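This report refers to the structure that appears directly beneath it.
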Amino acid sequence: MRPKNPKRRTPLASSSSPPITSRDTLSHGLDQPAAPLSLRLTPSASLIDQELLTVPDTATLFEDLQISQDDTFSSPNNPRSFPYSVKQQCWNKTEKVKGRDPDRWRRDPLGNTVFRKLVGCPGCLCHDYDHIVPFSKGGKSTLENCQVLQATVNRSKGNRTELSRTDLMERSSYCRLSDRDLDLLELSAYGNVRRAQDSGGCRIQ
């Protein structure tokens, strides 16, 4: 008996089909030959060269920049904002409001009543610690150059020094509040209402 022929393995590729070459792969089926390796690397290399060439240009941009000598940049000896101790003394030298606790209520130079808990916000009872001589014009963050001013007026004034008292008063924000309204505001902020010692009024707990 003739032994059975073993099963022949099917070849992966037909012998009639040409072998796949790197030329075919790089040409993506096109008839044009693939570019040499040196030419194919040229775009990437030129891109890197361009990036490297831009480094000195960027450095020259920074060299052209100069730090401004304007006083808007604060220093340790003259900070932009008032120190906490200066704010305390500035508040204490501000005019008192009759019948109200001076630790909580004051009146700015324009006659606007301000509440101590409302600072740095818009509103008729809000206040800022203002530089009398603007900081940008050489004003110092000292007690002598500090005043409690209604925030609306301070934001409108900016660093202008030519505005008169009348101009500043026209920029004030007015609101009609009764003593009862002030009591409720103080009660919500502090949990109680305190009167000035010379007011003779009652204390709401």
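The values are calculated or read from the model by the stated rules, or taken from the named source; none is laboratory data. Note that the coordinates shown come from a computational prediction; the quantities given were computed from them, not determined experimentally. Every residue, glycine as well, gets a Cβ built from its backbone with ideal geometry; the counts of neighbours run over all protein chains shown.
Report, by residue number, each residue of the stretch 114-128 that is out of contact with any Cys (no Cβ under 8 Å at 6 or more places or on another chain) and buried (at least 17 other Cβ atoms within 10 Å of the Cβ).
Passing the criteria: ARG116, CYS126, HIS127, ASP128.
Condition test on GLN88, is it at pLDDT 95 or above, of a type outside the set (Lys, Arg), surrounded by fewer than 13 Cβ atoms within 10 Å (Cβ to Cβ) and not in a loop (DSSP other than H, G, I, E, B)?
Taking the combined requirement at face value, the residue satisfies it.
For the stretch 135-154, does any single residue satisfy the condition of being among the hydroxyl-bearing types (Ser, Thr, Tyr), at pLDDT 90 or above, closer than 27 Å to LYS98 by Cα and touching a Phe, Trp or Tyr at 6+ places or on another chain (Cβ under 7 Å)? Write out each step before concluding.
Here is the first cut: in the stretch 135-154, the residues among the hydroxyl-bearing types (Ser, Thr, Tyr) are 136, 141-142, 152.
Now drop any that are not at pLDDT 90 or above, which leaves 136, 141-142, 152.
From what is left, the residues that are closer than 27 Å to LYS98 by Cα are 152.
Okay, now just the ones that are also touching a Phe, Trp or Tyr at 6+ places or on another chain (Cβ under 7 Å), so none.
Within the stretch 135-154, none of the residues are among the hydroxyl-bearing types (Ser, Thr, Tyr), at pLDDT 90 or above, closer than 27 Å to LYS98 by Cα and touching a Phe, Trp or Tyr at 6+ places or on another chain (Cβ under 7 Å).
With the condition kept exactly as written, say whether any residue in the stretch 129-139 is crowded, with 18+ Cβ neighbours inside 10 Å, closer than 28 Å to ASP183 by Cβ and in contact with a helix residue (DSSP H, G or I) (Cβ under 6 Å, 6 or more places away or on another chain).
Yes, the stretch 129-139 has at least one match.
Suppose we keep only residues that are at pLDDT below 95 and outside any strand (DSSP E or B) within the stretch 113-125. Which one would you say is nearest to ASP167 (Cα to Cα)?
Out of the qualifying residues, it is CYS124.
Within the stretch 100-112, track down each residue that is touching a residue at least 24 places away in the same chain (Cβ under 8 Å), assigned to a strand (DSSP E or B) and either closer than 15 Å to GLN147 by Cβ or among the acidic types (Asp, Glu) (or both).
Within the stretch 100-112, ARG106 is the sole residue that qualifies.
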